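The values are calculated or read from the model by the stated rules, or taken from the named source; none is laboratory data. All values derive from a computational prediction rather than experimental measurement. Here the Cβ positions follow ideal geometry from the backbone for every residue, glycine too, while neighbour counts run over all protein chains shown. To get the accessible areas, we keep the full protein, side chains included, count just its heavy atoms, and leave off ligands, DNA and RNA. Shrake-Rupley method; radii C 1.70, N 1.55, O 1.52, S 1.80 Å.
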Amino acid sequence: MEREKIILDCDPGHDDAVAIMLAGKSPKIELLGVTVVAGNQTLEKTQINALNVVQCLGLDVPVYAGCGQPMIREKMTAGDIHGETGLDGPVFEPLTKELEKEHAVSFIIRTLMESDGDITMVTTGPMTNLGMAIRMEPRIVPKIKRIVLMGGAYTNGNVTPAAEFNIIADADAAYVCFTAGRPITMIGLDVTRKALCYPSIVDRMDKIGNKASKLFVDLMRHFCKSQKEVFGWEGGPLHDPITIAWLIDPSVVETKPMHAEIDIRSVQSYGRTNCDFFGYQKLEPNADVGIGIDADKFWDMVEEVLRMYD
Ligand code: RIB
Ligand code: CA
């Protein structure tokens, strides 16, 4: 079976950690590397979190540190959800895995340039690393098979009424990626808010009883608590792993082709993914935007992959 080659660019982040879990073990995915960006927390913290998750899961995957600042705007983080460390909850063994010496942006450029155009870029944090790579070496653009991102929304945002965190945290980088002309799958809040990790889901995964399920439980107990405190929700939307789930089985998410533009000009709507759901503007669609999810199939997939760990 042909495995989907991906680079996962992330800002761990509780839900990023579950995306690493799925990408690292699914037989349908070949995880070439994890690249890290500032987002949920500072780069100094997200890079450590990525190393801890990869080490804890026993994955033989290189981790590269990337950009610690957005391309232009001031940095923003999400400690209210992910905690002071960016991955509050789990207690990890002493960290021995080290970052690769190469910068994440250089790794992305080198790997794409050496490829046959068969690598999918998955981003589950601000799109700074990919945006910078495209600007530094435009020749990588035709080499990107597809960009699959967790980000945006054609309905309401979660930082402002208009904007979702991964986009508003570096809207300029998102603009570069959305105008690059490569196929895009946008897994936005419209879909991820339908995959709420309720305590019953946590209990279900706890029954697996291996290292991955323990990490999942330790992560989600914190994630659900913070979602309740911030949004009053019983369960937290598990945003990022839905990108990987879509790659494993595209039937898990229903998408609709739309013309999607990143608003980098306005004030109130800065960072919005303006998705033309009804095609009013008669513009060529540039993104397949998630509009529905089979949540049961998603949670079955999460359980199936978690069971593959020792
Ligand atoms: O808005 C949700 C997204 O922002 C998720 O990727 C979460 O991890 C944060 O990066
Ligand atoms: Ca993320």
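Among the residues of region 217-234, those identified as away from ligand 1 (no atom under 15 Å from the Cβ) and not in a helix (DSSP H, G or I) are Gly232, Glu234.
State yes or no: is Arg307 without any contact (Cβ under 8 Å) to a residue 12 or more places away in the chain and more than 20 Å from the chain's Cα centre (by Cα)? It is false that Arg307 is without any contact (Cβ under 8 Å) to a residue 12 or more places away in the chain and more than 20 Å from the chain's Cα centre (by Cα). If the condition is being within 16 Å of ligand 1 (Cβ to nearest atom), over 23 Å from Val305 (Cβ atoms) and not polar (S, T, N, Q), then region 25-47 contributes Val37, Ala38, Gly39, Leu43, Lys45. Among the residues of region 29-77 satisfying the criterion of being crowded, with 22+ Cβ neighbours inside 10 Å and among the hydroxyl-bearing types (Ser, Thr, Tyr), which is farthest from Pro241 (Cα to Cα)? Within region 29-77, the match that is farthest from Pro241 (Cα to Cα) is Tyr64. Within region 154-164, the set of residues being surrounded by 24 or more Cβ atoms within 10 Å (Cβ to Cβ) and of a type in the set (A, V, I, L, M, F, W, C) comprises Ala163 only. Taking region 132-168 only, how many residues are within 17 Å of Arg265 (Cβ to Cβ) and either within 15 Å of the chain's Cα centre (by Cα) or near ligand 1 (Cβ under 9 Å from one of its atoms) (or both)? Of the residues in that region, 4 qualify.
None of Leu87, Leu95 is of a type outside the set (S, T, N, Q), away from ligand 1 (no atom under 13 Å from the Cβ) and more than 24 Å from Tyr175 (Cα to Cα) except Leu95. Total residues in region 217-271 satisfying the condition of being within 16 Å of ligand 2 (Cβ to nearest atom) and either touching a Cys at 6+ places or on another chain (Cβ under 8 Å) or open to solvent by less than 20 Å² (accessible area, probe 1.4 Å) (or both): the figure is 15. Could you grab the pairs with beta carbons closer than 7 Å, sequence gap of 6+ or different chains, first residue in region 155-167 and in contact (Cβ under 8 Å) with a residue 40 or more places away in the chain, second one open to solvent by less than 10 Å² (accessible area, probe 1.4 Å) and polar (S, T, N, Q)? Sorted first by the residue in region 155-167, then by its partner, the pairs are Ile167/Thr273. Count of region 190-216 residues, restricted to those that are open to solvent by 10 Å² or more (accessible area, probe 1.4 Å) and within 16 Å of ligand 1 (Cβ to nearest atom), is 4. What number of residues in region 239-264 are outside any strand (DSSP E or B) and under 17 Å from Gly157 (Cα atoms)? Number of matching residues: 4.
Mind listing just one residue for me: the one in region 165-180 that is surrounded by 24 or more Cβ atoms within 10 Å (Cβ to Cβ) and among the small types (Gly, Ala, Ser) and, of those, nearest to ligand 2 (Cβ to nearest atom)? In this case the residue turns out to be Ala169. Within region 78-88, the set of residues being open to solvent by 50 Å² or more (accessible area, probe 1.4 Å) and either closer than 20 Å to Ala19 by Cα or not in a loop (DSSP other than H, G, I, E, B) (or both) comprises Asp80, Thr85.
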